[in-house]
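All of the numbers you see were taken from the coordinates with simple rules; none came from a lab. Note that the coordinates shown come from a computational prediction; the quantities given were computed from them, not determined experimentally. Methodologically, a virtual Cβ is constructed for each residue, glycine included, from the backbone with ideal geometry; neighbour enumeration extends over all protein chains shown.
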Amino acid sequence: MDNVLPPSPDGYEISADPARIDRGLVHRWLSEDAYWALGRSREKQDAAIDGSVNLGVYEGASGAQVAYARVVTDRATFAWLCDVYVDPGARGKGLGTALAGAVRDHLAPYGIRRILLVTGDAHGVYEKVGFEPLAAPDKWMVLGAQ
């Protein structure tokens, strides 16, 4: 799979190159500012990165990472989009929507039947790229804390 993912918002590049992920920055964002990952250890975050497909959004001029998304997948039948985060200074530019669309497009060649995500506050971001509420949520179950 190609690691640079078109199209990207003006002035930004979206990449699936795992070497470009700023692990320290991603850990700080998630463990200090993301309600779903507060307090996550660096070791736990690094393990999550290592076991996942990771995408980053980077400023074109500086190359600085400004957003992140992680996908847990078997690359055949199922994917879970998680840990989507846009730096507060880069919000409001459509980067979250572009990143979600890039995830969708990056996974498309695998023929994955279902991509899930959970969000407490960004439904509109994901709806713009085709995500919708579960048709039959009563069929889904979870093991673990909710």
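Quickly run through segment 7-32 and pick out the residues that are small (G, A, S) and either within 17 Å of L81 (Cα to Cα) or loosely packed, with under 15 Cβ neighbours inside 10 Å (or both).
Of all residues in segment 7-32, those small (G, A, S) come to 8, 11, 15-16, 19, 24, 31.
Of everything in segment 7-32, those that are small (G, A, S) and either within 17 Å of L81 (Cα to Cα) or loosely packed, with under 15 Cβ neighbours inside 10 Å (or both) turn out to be G11, S15, A16, A19, G24.
When segment 95-146 is examined, which residues are found to be in a helix (DSSP H, G or I), under 25 Å from V57 (Cβ atoms) and among the charged types (D, E, K, R)? Lay out the reasoning, then the answer.
The first filter runs over segment 95-146 and keeps only residues in a helix (DSSP H, G or I), leaving 95-110, 123-127, 137-139.
Now drop any that are not under 25 Å from V57 (Cβ atoms), which leaves 95-110, 123-127.
Answer for segment 95-146, where residues must be in a helix (DSSP H, G or I), under 25 Å from V57 (Cβ atoms) and among the charged types (D, E, K, R): R104, D105, E127.
Do the conditions hold for G101, that is, is it out of contact with any strand residue (DSSP E or B) (no Cβ under 7 Å at 6 or more places or on another chain) and buried (at least 17 other Cβ atoms within 10 Å of the Cβ)?
Values: out of contact with any strand residue (DSSP E or B) (no Cβ under 7 Å at 6 or more places or on another chain): yes; buried (at least 17 other Cβ atoms within 10 Å of the Cβ): yes.
It is true that G101 is out of contact with any strand residue (DSSP E or B) (no Cβ under 7 Å at 6 or more places or on another chain) and buried (at least 17 other Cβ atoms within 10 Å of the Cβ).
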